[in-house]
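Everything on this sheet refers to the single structure shown next.
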Amino acid sequence: MSAATGNARPKFAMYWAASCGGCDIAVLNTGERILALDAAFDLVFWPIVMDAKYRDVAALPDGALALTLFSGSIRNRENEELALLLRRKSQLLIAFGSCAGEGCIPGLANLSSRAAIFEAAYESVSTANPEHVRPRPSVQMPEGELRLPEFSRVLRTLDQVVPVDYFVPGCPPEPHQIAAVLDLAIAACEGRAELPPRGATIGAGRSTVCDECGRRRHAKTIRSFARIQALPRVDPTLCLLEQGLPCNGSATRDGCGARCPSAGAPCIGCYGPADGVVDFGARLLSAFASVIEANDRAAIDRILDGLPDPAGQFYRFNLAKSLLRAGCAAWADDGE
């Protein structure tokens, strides 16, 4: 990363694409560390905390932004255009959080067509839409033409659209790890630290949540899977998977401090795959299958039926980045 010249501070940007906005809030939750960010960088583009226009970013010289945190995935044409613009203007572009890096929960929409997504959004029991209005790319009004960004057929991760320098996992990333990432970026800008190889995951570990979980573990033999509310009692010290709770810790990258298992809730995989895991869902499915105590097909099917939502269990945060990427319905021509 190029250091600032003279008295000019390096420029910082953060953009919120297809996501809930929790990653922006997590950055603000770093507390007083946010003051170090403000002191080290010139904040030029961060829509959630300041008024800035896309044209302001477009007017910057290419590479003018020392650091951009890009949260959210690419769901429409606007997200794509901002990804291309910010890549061009940024020395370092970081896929920040699960949505940018893995697709996260919005990526589960890749199992459905655009028509099905709009049907669920605009015709559900919680939506009053008597005229059956659907979003259109453009509509002519007396004041002029109104345009909406085109809704893409599939949701993509940031690195499926532009090259990404680093990845910070989490939904959202933990504040203490965000602070560590910001400290590293500040030190690199000031010439006090070297950045890791491009493409690395930063702000997290390299192993699995199981390795940082303090619960007791034995040889696992699963006779049934169940939701936590179906169990009469959860042992506060024993591995949750051994108790029949489908816990994703065996495939999930560590670094969160095993917060969910420590609180008695199964890991759901928000930190993405650990190092060396090619496909999160495949690794997790293999891990679950290896501990099922059954030999005949009927018994195995009965145990697996205890997983009420297999797609959500295995690909809740990772479908868009997985080897599957999307279901047939999303790729098919839906008549739009």
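In segment 1-59, which residue that is among the basic types (Lys, Arg) and exposed (fewer than 11 other Cβ atoms within 10 Å of the Cβ) is modelled with the highest pLDDT? It comes out as Arg55. Restricting attention to segment 132-162, the residues that are assigned to a strand (DSSP E or B), more than 18 Å from the chain's Cα centre (by Cα) and of a type in the set (A, V, I, L, M, F, W, C) total 4.
Kindly check whether there is at least one residue in segment 184-197 that is more than 30 Å from Glu242 (Cα to Cα), under 24 Å from the mean Cα position of the chain (by Cα) and exposed (fewer than 15 other Cβ atoms within 10 Å of the Cβ). Among the residues of segment 184-197, at least one is more than 30 Å from Glu242 (Cα to Cα), under 24 Å from the mean Cα position of the chain (by Cα) and exposed (fewer than 15 other Cβ atoms within 10 Å of the Cβ), which makes the answer yes. Within segment 90-146, being in contact with a Cys (Cβ under 9 Å, 6 or more places away or on another chain) and among the polar types (S, T, N, Q) holds for one residue alone: Ser98.
Just checking: which of the helices (runs of 4 or more DSSP H) contained wholly in segment 231-336 hold 2 or more residues that are among the polar types (S, T, N, Q) and out of contact with any Pro (no Cβ under 9 Å at 6 or more places or on another chain)? Steps first, answer last, please.
Numbers: elements: 259-262, 280-290, 297-304, 310-315, 328-331.
Hits in segment 231-336: 280-290.
The values are calculated or read from the model by the stated rules, or taken from the named source; none is laboratory data. Keep in mind that what you see is a predicted model, and the values were worked out from it rather than measured. As a convention, Cβ positions derive from the backbone with ideal geometry for all residues, glycine included, and neighbour counts pool all protein chains shown.
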